[in-house]
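Down below is the structure, laid out as structure tokens.
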């Protein structure tokens with residue numbers, strides 16, 4: 001899944017709930033085993049918003065995202 005940032009957003013705080021996720025910011029889709037992991041409840045700051053891609057490590061994950069300039 002990709003994010004759809006609002007105009008002007010330059011970075012986002014991302015935190016998964018339910019299950020962990022993996023992300024990549026090089027435009028290549030992550031897999032359940034490849035990509036940088038984010039554990040449930042962990043908050044990370046990510047900046048390459050247009051190339052970010054996420055995948056659930058196990059079904060049931062949701063992302064909480066806050067965008068900033």
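Per-residue answers, yes or no, for (1) loosely packed, with under 12 Cβ neighbours inside 10 Å; (2) part of a loop (DSSP other than H, G, I, E, B); (3) touching a helix residue (DSSP H, G or I) at 6+ places or on another chain (Cβ under 7 Å); (4) at positive phi:
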{"residue": "7", "(1), (2), (3), (4)": "yes, yes, no, no"}
{"residue": "14", "(1), (2), (3), (4)": "no, no, no, no"}
{"residue": "31", "(1), (2), (3), (4)": "yes, yes, no, no"}
{"residue": "37", "(1), (2), (3), (4)": "no, no, no, no"}
{"residue": "40", "(1), (2), (3), (4)": "no, yes, no, no"}
{"residue": "45", "(1), (2), (3), (4)": "yes, no, no, no"}
{"residue": "49", "(1), (2), (3), (4)": "no, yes, no, no"}
{"residue": "63", "(1), (2), (3), (4)": "no, no, no, no"}
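Among the residues of region 1-22, those that are over 22 Å from residue 58 (Cα atoms) and either at pLDDT 95 or above or touching a strand residue (DSSP E or B) at 6+ places or on another chain (Cβ under 7 Å) (or both) comprise 5, 6, 7, 8, 9, 10, 11, 12. Scanning region 16-29 for residues that are buried (at least 16 other Cβ atoms within 10 Å of the Cβ) and assigned to a strand (DSSP E or B) yields 16, 21, 22, 23, 24.
Taking residue 53, is it touching a strand residue (DSSP E or B) at 6+ places or on another chain (Cβ under 9 Å) and surrounded by 15 or more Cβ atoms within 10 Å (Cβ to Cβ)? Steps first, answer last, please.
Numbers: touching a strand residue (DSSP E or B) at 6+ places or on another chain (Cβ under 9 Å): yes; surrounded by 15 or more Cβ atoms within 10 Å (Cβ to Cβ): yes.
Yes.
Do the conditions hold for residue 47, that is, is it touching a residue at least 24 places away in the same chain (Cβ under 8 Å) and in contact with a strand residue (DSSP E or B) (Cβ under 9 Å, 6 or more places away or on another chain)? It is true that residue 47 is touching a residue at least 24 places away in the same chain (Cβ under 8 Å) and in contact with a strand residue (DSSP E or B) (Cβ under 9 Å, 6 or more places away or on another chain).
The values are calculated or read from the model by the stated rules, or taken from the named source; none is laboratory data. Computed from a predicted model, the values in this text were never measured in an experiment. Cβ: placed from backbone, ideal geometry, glycine included. Neighbour counts: every protein chain shown.
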